[in-house]
Amino acid sequence: MKRALLVLSLITLVALGAAIVAQALIFTNGITFDPHGQPVHPTRLAAVATVVAGYGAVLGMALAALDFVIGIVVIGFGRRFGWLIAIIVAGVLSYVGLFVMAWVLLSANSPVAAQAPFVLIPLVTLLYSIIPGRNGPAVPTVA
């Protein structure tokens, strides 16, 4: 189960990372949108960055929520209460950060993506999956 959590954490980090990089590309290239959400000056870069930012954000936040739930289950069954507190704190900080980012982004155009705080959840579960526990290595090796 730890290996599945490791894979899910990596996929979540890739999705969130792609969305964050695409949002930075949108900001640095000055891509603006019309009231219907389409780029004003459609170029290939504008289209790709918009699609990656949109789908990456939605997929990344959904995977972060799934990562949170599976992380709580795996860590709870492992009876590692320090890690359980860490993932709960990461989840609370992520959701508080989402509301703060929404408040900031409603006031101005920003290179920071709204889903950036959700990176905390897969980072905690990734560290839990990689760092060895009390009973040996975290990821079993084939001998």
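The values are calculated or read from the model by the stated rules, or taken from the named source; none is laboratory data. Just so we're clear, the structure is a prediction, and the values are computed from it rather than from any experiment. Ideal geometry is used to build each Cβ from the backbone, glycine not excepted, and the neighbour counts take in all protein chains shown. Just the protein is used for accessible areas: all its heavy atoms, side chains included, with ligands, DNA and RNA removed. Shrake-Rupley method; radii C 1.70, N 1.55, O 1.52, S 1.80 Å.
Quick test of the membrane-span-like rule: which DSSP H helices of the chain reach at least 18 Å along their long axis (C-alpha atoms) with mean Kyte hydropathy at least 0.0? Don't skip to the end; give the middle numbers.
Numbers: long enough: 2-28 (38 Å, 1.92); 44-77 (48 Å, 2.00); 81-107 (39 Å, 2.24).
Once both thresholds are applied, what remains is 2-28, 44-77, 81-107.
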Cβ crowding within 10 Å averaged over residues, with 41-47, 1-7, 16-22, 126-132 ranked highest first = 16-22, 126-132, 1-7, 41-47
Separation of alpha-carbon centers, the range 71-85 and the range 1-37, rounded to whole Å | 27 Å
Accessible surface, the chain, averaged per residue in Å² (probe 1.4 Å) = 60 Å²
Between Val51 and Ile130, what FRET efficiency follows from the Cβ-Cβ distance if R0 is 41 Å, with the result rounded to 0.05?
-> 0.85
Run the numbers on the chain and let me know its relative contact order in percent, using alpha-carbon pairs under 8 Å that are six or more apart.
-> 35 percent
Two-site label geometry, Ile88 and Val104: point separation in nm, points 7 Å out along Cα→Cβ = 2.7 nm
When the C-alpha atoms of the chain are aligned to their principal axes, what extent does each axis show, in angstrom, from largest down?
-> 57, 35, 20
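Roughly speaking, to the nearest percent, how much of the range 1-130's 1.4 Å accessible area is carbon and sulfur?
Values: 5750 of 7350 Å².
Roughly 78 percent of what the probe reaches on the range 1-130 is carbon or sulfur.
Determine, from the Cβ-Cβ distance of Val96 and Ala4 and an R0 of 25 Å, the FRET efficiency 1/(1 + (r/R0)^6), rounded to the nearest 0.05. Provide the component values of the computation, followed by the final result.
Working: r = 28 Å, r/R0 = 1.11.
E(calc), rounded to 0.05, equals 0.35.
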What order do you get for 29-39, 53-63, 114-124, 94-104 when each peptide is scored by the mean count of other beta carbon atoms within 10 Å, highest first?
-> 114-124, 53-63, 94-104, 29-39
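How long is the gain from Asp34 to Val14 if the chain were fully straight, where each residue apart is worth 0.36 nm and the alpha carbon distance is subtracted? Working shown, then result.
On the way: separation 20, 0.36 × 20 = 7.20 nm, distance 2.87 nm.
Gain in length upon complete extension: 4.3 nm.
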Rounded to one decimal in nm, the spacing of the 7 Å Cα→Cβ label points at Arg79 and His41 is 6.3 nm
